[in-house]
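The values are calculated or read from the model by the stated rules, or taken from the named source; none is laboratory data. Worth saying up front: this structure is predicted, and the values here are computed from it rather than measured. As a convention, Cβ positions derive from the backbone with ideal geometry for all residues, glycine included, and neighbour counts pool all protein chains shown.
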């Protein structure tokens with residue numbers, strides 16, 4: 001094994017790269033940034049997708065909304081029994097929820113009215129949930145508790161304005177712990193009856209209906225039946241909900257475009273420049289090397305190393321930085337984009353799920369083409385007779 | 001030191017960092033609250049359908065529950081009003097095969 | 001040592017701009033010769049030199065290096081012969097800018113299975129004999145013309161070749177530096193190496209130790225003579 005030969009050629013390659021320090025550092029920086037941005041998105045979206053999949057696995061199989069003139073409308077709870085009659089349906093429960101705009105902190109809360117919650121002694125809740133008939137008790141998300149200048153705690157009161165403009169006072173009996181923030185950051189949970197009087201919801205209506213179907217395979221059939229029975233309804237399947245989260249941070253999303261447009265353009269120009277030909281200087285160098293006794297294969301090996309050194313360095317650094325960014329620094333570069341105009345937003349503590357398949361694909365579509373675009377143009381230069389250098 | 005040796009050390013160091021991060025991910029995932037039965041109970045009992053990623057627009061707070069036809073909201077090419085709309089794309093309702101029929105004379 | 005038999009070299013064969021650079025040349029150079037290929041520019045000296053040095057292949061005819069026909073060898077073997085037998089000194093020096101003197105000198109042996117310490121030692125020894133040891137860490141573009149020439153010589157010598165080929169080596173040097181170059185070549189010849197220089201500089205071919213003249217014109221040998 002001529003291991004020294006290959007190390008010698010690598011030595012020369014590195015020496016040669018160091019000669020154009022600025023250019024090569026520039027390439028590595030841009031390349032690293034692109035890998036960093038793409039893999040940040042891969043890591044973040046995969047992690048969100050996995051979390052959504054794991055958490056929402058327990059949400060209702062079907063949500064039935066009423067659609068009026070294309071918009072979501074309150075649904076009558078009287079159709080409950082008819083839905084119960086559909087084979088496979090094990091339970092139909094009305095959901096009472098909506099939004100509440102708090103002009104004090106200019107934040108939107110999600111407000112939910114519940115009957116008997118059935119949640120007791122849950123370690124992610126400090127205190128307790130309001131019971132079914134309590135008129136003025138509330139459990140709130142950690143971020144709501146922290147949103148005001150004076151932080152709310154259990155025993156404090158929370159004032160909400162009802163649909164008639166009167167203030168209703170709620171006593172905080174529970175606060176969701178921060179470990180549940182991804183689901184609960186902006187929630188206000190009050191009893192069903194309190195919810196109805198707060199928002200002025202007519203009797204026998206609900207925001208939507210949650211339908212439980214015991215057998216997984218019967219879900220689509222049940223949904224179709226509901227749609228047939230109540231043409232104005234829109235059944236939302238749990239699978240669709242989970243699928244929605246697959247699309248978060250989609251490839252065509254504005255965030256990616258914004259982060260990339262510049263870097264990508266620079267990189268494409270660079271790759272184009274490389275792929276379409278060598279500079280006169282590089283050609284001459286190859287000629288000199290051939291003339292003093294390098295073989296075509298030696299030159300191609302040198303070019304292979306050159307591509308590998310740059311692309312592998314960038315790939316590894318970009319990937320490591322992306323991991324640190326998303327999972328240890330809570331995605332601080334992306335967070336503002338998710339935050340948008342939100343006042344209440346959770347502190348991301350994402351579970352670092354890694355999708356090796358996507359990482360491998362990213363490697364295959366960045367490292368390999370880069371190496372190829374380094375080798376291919378020099379291939380032509382390296383197969384010419386070495387004496388061209390004497391006549392140049 | 002030979003430059004090639006330095007390069008191999010650099011690559012090995014990178015691999016070591018990546019391995020360390022992988023171990024970190026395994027332990028962090030196993031300890032993550034997402035696996036706790038308490039959070040599953042919250043999701044199930046409160047019948048929650050969405051993650052709190054952003055709270056500035058209805059269709060980014062509850063992407064799965066958003067309206068079907070409202071202007072500036074659902075059509076994939078619509079002009080975005082809320083900044084988060086560029087991150088969380090509108091839901092795909094193509095499976096519903098909604099048709100618009102225009103009848104002429 | 002080197003023998004050519006009726007070699008012809010055409011460029012752009014079959015095209016409108018076909019040129020015959022070397023036509024039907026048969027010469028013989030022996031071990032220890034100090035040979036000069038002389039003739040005006042465009043006479044085919046450089047082409048003949050590159051044919052002798054296994055840098056290109058003749059269109060027809062044979063090149064024999066130590067009685068072995070090298071003109072039809074596959075590239076790998078041709079490169080091997082070139083690397084083991086010849087040292088080249090080019091008119092423009094052809095050093096690689098940005099690299100130090102010693103890196104340039106070591107260049108030919110990088111793609112061989114030599115250890116770096118051995119390689120460095122060889123380069124240092126050669127630079128020492130050429131009086132360049134204090135310049136070995138300099139980047140080549142910062143050297144004077146004479147120093148660049150000596151770096152190029154050192155590079156030609158790193159593989160300890162039997163034959164040294166030089167193409168117009170004195171074209172860019174003044175008289176003093178040309179003399180210096182020739183005395184280095186003379187020294188090498190006395191050590192048993194074969195020297196072949198293509199030139200049209202009288203300073204070179206009028207030297208008394210040149211023992212073989214090959215005069216070229218229009219790609220053909222017009223006259224050849226041997227002294228001693």
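Do we have residue A:230 as closer than 29 Å to residue A:57 by Cβ, modelled with pLDDT of 90 or more, in contact with a strand residue (DSSP E or B) (Cβ under 8 Å, 6 or more places away or on another chain) and more than 14 Å from every other protein chain (Cβ to nearest Cβ) here?
Working: closer than 29 Å to residue A:57 by Cβ: yes; modelled with pLDDT of 90 or more: yes; in contact with a strand residue (DSSP E or B) (Cβ under 8 Å, 6 or more places away or on another chain): yes; more than 14 Å from every other protein chain (Cβ to nearest Cβ): yes.
Here the answer is yes, as residue A:230 does meet what is asked.
Taking the condition of being in contact (Cβ under 8 Å) with a residue 60 or more places away in the chain and in contact with a helix residue (DSSP H, G or I) (Cβ under 9 Å, 6 or more places away or on another chain), how many residues in region A:143-183 meet it?
So the first thing to find is which residues in region A:143-183 are in contact (Cβ under 8 Å) with a residue 60 or more places away in the chain, and the list is A:143-144, A:147, A:160, A:178-179, A:181-183.
Those left that are additionally in contact with a helix residue (DSSP H, G or I) (Cβ under 9 Å, 6 or more places away or on another chain): A:143, A:160, A:178-179, A:181-183.
Count: 7.
Of these, C:149, C:91, which one is assigned to a helix (DSSP H, G or I), closer than 17 Å to residue C:184 by Cβ and either in contact with a strand residue (DSSP E or B) (Cβ under 9 Å, 6 or more places away or on another chain) or without any contact (Cβ under 8 Å) to a residue 12 or more places away in the chain (or both)?
Values: C:91 fails: assigned to a helix (DSSP H, G or I).
Going through C:149, C:91 in turn, just one is assigned to a helix (DSSP H, G or I), closer than 17 Å to residue C:184 by Cβ and either in contact with a strand residue (DSSP E or B) (Cβ under 9 Å, 6 or more places away or on another chain) or without any contact (Cβ under 8 Å) to a residue 12 or more places away in the chain (or both): C:149.
Would you mind finding the one in A:63, A:28, A:83, A:3 that is over 19 Å from residue A:317 (Cα atoms), more than 8 Å from chain B (Cβ to nearest Cβ) and either at pLDDT 90 or above or within 20 Å of the chain's Cα centre (by Cα) (or both)?
Of the residues listed, the single one that is over 19 Å from residue A:317 (Cα atoms), more than 8 Å from chain B (Cβ to nearest Cβ) and either at pLDDT 90 or above or within 20 Å of the chain's Cα centre (by Cα) (or both) is A:83.
Restricting attention to region B:37-59, which residues are at the interface with chain A (Cβ under 7 Å from one of its Cβ atoms), over 15 Å from residue A:50 (Cβ atoms) and touching a helix residue (DSSP H, G or I) at 6+ places or on another chain (Cβ under 7 Å)?
B:42, B:48, B:49, B:52, B:54, B:55, B:56
Restrict the check to region A:298-308 and report whether at least one residue is over 30 Å from residue A:48 (Cα atoms), modelled with pLDDT of 90 or more, more than 14 Å from chain C (Cβ to nearest Cβ) and within 31 Å of the chain's Cα centre (by Cα).
yes
Given the criteria in contact with a strand residue (DSSP E or B) (Cβ under 6 Å, 6 or more places away or on another chain) and free of Cβ contacts under 8 Å to residues at least 60 places away in the same chain, does residue A:139 qualify?
On the way: in contact with a strand residue (DSSP E or B) (Cβ under 6 Å, 6 or more places away or on another chain): yes; free of Cβ contacts under 8 Å to residues at least 60 places away in the same chain: yes.
Taking the combined requirement at face value, the residue satisfies it.
Give the residue, chosen from A:241, A:248, that is in a loop (DSSP other than H, G, I, E, B) and under 22 Å from residue B:43 (Cβ atoms). So that I can check it myself, show each step before the final result.
Values: A:241 fails: in a loop (DSSP other than H, G, I, E, B).
Of A:241, A:248, the one residue that is in a loop (DSSP other than H, G, I, E, B) and under 22 Å from residue B:43 (Cβ atoms) is A:248.
Can you name every residue in region A:10-25 that is surrounded by fewer than 21 Cβ atoms within 10 Å (Cβ to Cβ) and either under 16 Å from the mean Cα position of the chain (by Cα) or within 14 Å of chain C (Cβ to nearest Cβ) (or both)? Spell out the reasoning first.
Pass one, region A:10-25, residues surrounded by fewer than 21 Cβ atoms within 10 Å (Cβ to Cβ): A:14-25.
Of everything in region A:10-25, those that are surrounded by fewer than 21 Cβ atoms within 10 Å (Cβ to Cβ) and either under 16 Å from the mean Cα position of the chain (by Cα) or within 14 Å of chain C (Cβ to nearest Cβ) (or both) turn out to be A:14, A:15, A:16, A:17, A:18, A:19, A:20, A:21, A:22, A:23, A:24.
With respect to the numbered conditions (1) more than 14 Å from chain C (Cβ to nearest Cβ); (2) free of Cβ contacts under 8 Å to residues at least 24 places away in the same chain; (3) not in a helix (DSSP H, G or I), which one is the sole condition not fulfilled by residue A:333?
(2)
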